[in-house]
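Single-structure report; data block below.
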Amino acid sequence: EVDWFSLASVLFLLMFAPLIVYYFIMSCDQYQCSLMNPLIDLLTGNKHLSDIWNKTPMLTYRAAGIYTLWVTFQVALYMCLPDFCHKFLPGYVGGVQEGAVTPAGVVNKYEINGLQAWIITHMLWFANAYYFHYFSPTIIFDNWIPLMWCANILGYAVSTFAMIKGYFFPTNPKDCKFTGNFFYDYMMGIEFNPRIGKWFDFKLFFNGRPGIVAWTLINLSYAAKQQELYGQVTNSMILVNVLQGIYVLDFFWNEAWYLKTIDICHDHFGWYLGWGDCVWLPYLYTLQGLYLVYHPVQLGTANAIGILILGFIGYYIFRMTNHQKDLFRRTNSNCKIWGKKPEYIECSYMSVDGTKYYSKLMTSGFWGWARHFNYTGDLMGSLAYCLACGFEHILPYFYIVYMTILLTHRCIRDEHRCLSKYGKDWKRYTAAVPYRLLPGVF
């Protein structure tokens, strides 16, 4: 069943999320990244909506060609080139890997080759920038708004196709969820793991490619535009490229681990993931670099070092917290966390086919500090990206506000699911680890 609050939230996002993306990008294109001036112009009558819309670049054949080539290239890397990085990179887990057990008791297999796709893509990008010169490194920035229309078309197309597929030819009917509410089903998805053929998994592809592979390319294009406009790349732009680049590389290095996260293990594939990964992620997660093109910031040495340290500490907490849980799971708790055997609470749950499973919830290490301490590290890194942009405008700080709302909501959503799944065992766990994000606070 869909309660009224969930339905209202779904309708709000379906109506306003695309407008939010447009508003942010338009404000940079026409108002030097000011979020207030467009509203002031409209409220005072200085401009009409038609004036702003008429100045917005429309879809072009060039942008359509660039985007089509980009997505096709990423599909080819995903489908046609089995991973070889795991054969020569120590510690990297790639190739064919198994995901978690689905609600219907299915264990899907995945071809993990995202790091390989990222490396090949960026090698070609730098080869072009320094040797071949087939296109300008600023090509993404120069076509940013026309590319946004292309991303929207793909996002809506894949979301609509996923819904139709869920109704008429699902990959696994037992892993489909129908609420009877069209808008909720369209947004949150019907199929758990929609696939075409054996290997093309919608969730894995769209969560990681093309959006996250593009993330670092987008930032590089912003840096190239700064160089073109001002003759230099500021240290704030370098910070954003480095810190966000570490996050992206971490994602692909740990792509096999990602198969056990909430996006893959619990979310169904609908507009929330389909459109979100195509549009929301590449356009709003890169706002800091876009802002710095219009407002270059040269940080003082002490400030730059402080922001870099904050980003590194956040990344360390994020990675080590996730590493502790992954080590705990892989070894079935036969390991050491901070030099001693981990503490845990053993839980049981039933799948929809009536099979009983057992889980262990760790209560030591970082996981003894807070139930989602990995999100705390993520938020520290997010704040570092924003601080690199200074304090002249609020636009680059949208990211930390959004991530705080998103991750807090994820905490609550995940814990509601865990309470339903584990029952009394979950209450025992929350008694042992009482805080969600900040020890002693929340």
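The values are calculated or read from the model by the stated rules, or taken from the named source; none is laboratory data. These numbers come from a predicted model, not from an experiment. Note: ideal-geometry Cβ built from the backbone for every residue, glycine included; neighbour counts use all protein chains shown. Areas reflect the complete protein model, heavy atoms only, side chains present, ligands, DNA and RNA absent. Shrake-Rupley method; radii C 1.70, N 1.55, O 1.52, S 1.80 Å.
Within the option set 216, 160, 179, being more than 30 Å from residue 308 (Cα to Cα), at pLDDT 95 or above, among the polar types (S, T, N, Q) and assigned by the TED database to the domain that holds residue 100 holds for one residue only, 160. Filter segment 183-208 down to residues that are open to solvent by 40 Å² or more (accessible area, probe 1.4 Å), touching a helix residue (DSSP H, G or I) at 6+ places or on another chain (Cβ under 9 Å) and more than 22 Å from residue 280 (Cα to Cα), then give me how many there are. So the answer is 3.
Kindly establish whether residue 316 is at pLDDT 95 or above, assigned to a helix (DSSP H, G or I) and either of a type in the set (Val, Ile, Thr) or closer than 30 Å to residue 166 by Cβ (or both). It is false that residue 316 is at pLDDT 95 or above, assigned to a helix (DSSP H, G or I) and either of a type in the set (Val, Ile, Thr) or closer than 30 Å to residue 166 by Cβ (or both). Can you find even one residue in segment 63-78 that is touching a Cys at 6+ places or on another chain (Cβ under 7 Å) and under 29 Å from residue 108 (Cβ atoms)? Checked against the condition, which is being touching a Cys at 6+ places or on another chain (Cβ under 7 Å) and under 29 Å from residue 108 (Cβ atoms), segment 63-78 yields at least one hit.
Whenever a residue of segment 229-256 is over 25 Å from residue 299 (Cα atoms), its partners that are part of a helix (DSSP H, G or I) and open to solvent by 50 Å² or more (accessible area, probe 1.4 Å), lying with C-beta atoms within less than 8 angstrom and at least six residues away or across chains, give the pairs 250/315.
Residue-wise test of (1) open to solvent by 20 Å² or more (accessible area, probe 1.4 Å); (2) at pLDDT below 90; (3) of a type outside the set (Phe, Trp, Tyr).
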residue: 364; (1), (2), (3): no, no, yes
residue: 372; (1), (2), (3): no, no, yes
residue: 385; (1), (2), (3): no, no, no
residue: 389; (1), (2), (3): no, no, yes
residue: 397; (1), (2), (3): yes, no, no
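For (1) among the polar types (S, T, N, Q); (2) surrounded by 21 or more Cβ atoms within 10 Å (Cβ to Cβ); (3) at positive phi, each residue gets a yes or a no:
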{"site": "262", "(1), (2), (3)": "no, no, no"}
{"site": "292", "(1), (2), (3)": "no, yes, no"}
{"site": "308", "(1), (2), (3)": "no, no, no"}
{"site": "318", "(1), (2), (3)": "no, yes, no"}
{"site": "345", "(1), (2), (3)": "no, no, no"}
{"site": "350", "(1), (2), (3)": "no, no, no"}
{"site": "354", "(1), (2), (3)": "no, no, yes"}
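Here 197, 166 are screened, and the one residue that is on the phi > 0 side of the Ramachandran plot and without any contact (Cβ under 8 Å) to a residue 60 or more places away in the chain is 197. Checked against the criterion of being open to solvent by 40 Å² or more (accessible area, probe 1.4 Å), closer than 23 Å to residue 20 by Cβ and either part of a helix (DSSP H, G or I) or not assigned by the TED database to the domain that holds residue 105 (or both), the candidates 408, 404 yield just one match: 404. Restricting segment 66-101 to residues that are without any contact (Cβ under 8 Å) to a residue 60 or more places away in the chain and aromatic (Phe, Trp, Tyr) leaves a set whose member that is nearest to residue 192 (Cα to Cα) is 73. Among the residues making up segment 265-281, those that are within 12 Å of the chain's Cα centre (by Cα) and either within 20 Å of residue 315 (Cβ to Cβ) or surrounded by fewer than 23 Cβ atoms within 10 Å (Cβ to Cβ) (or both) are 272, 276, 280, 281.
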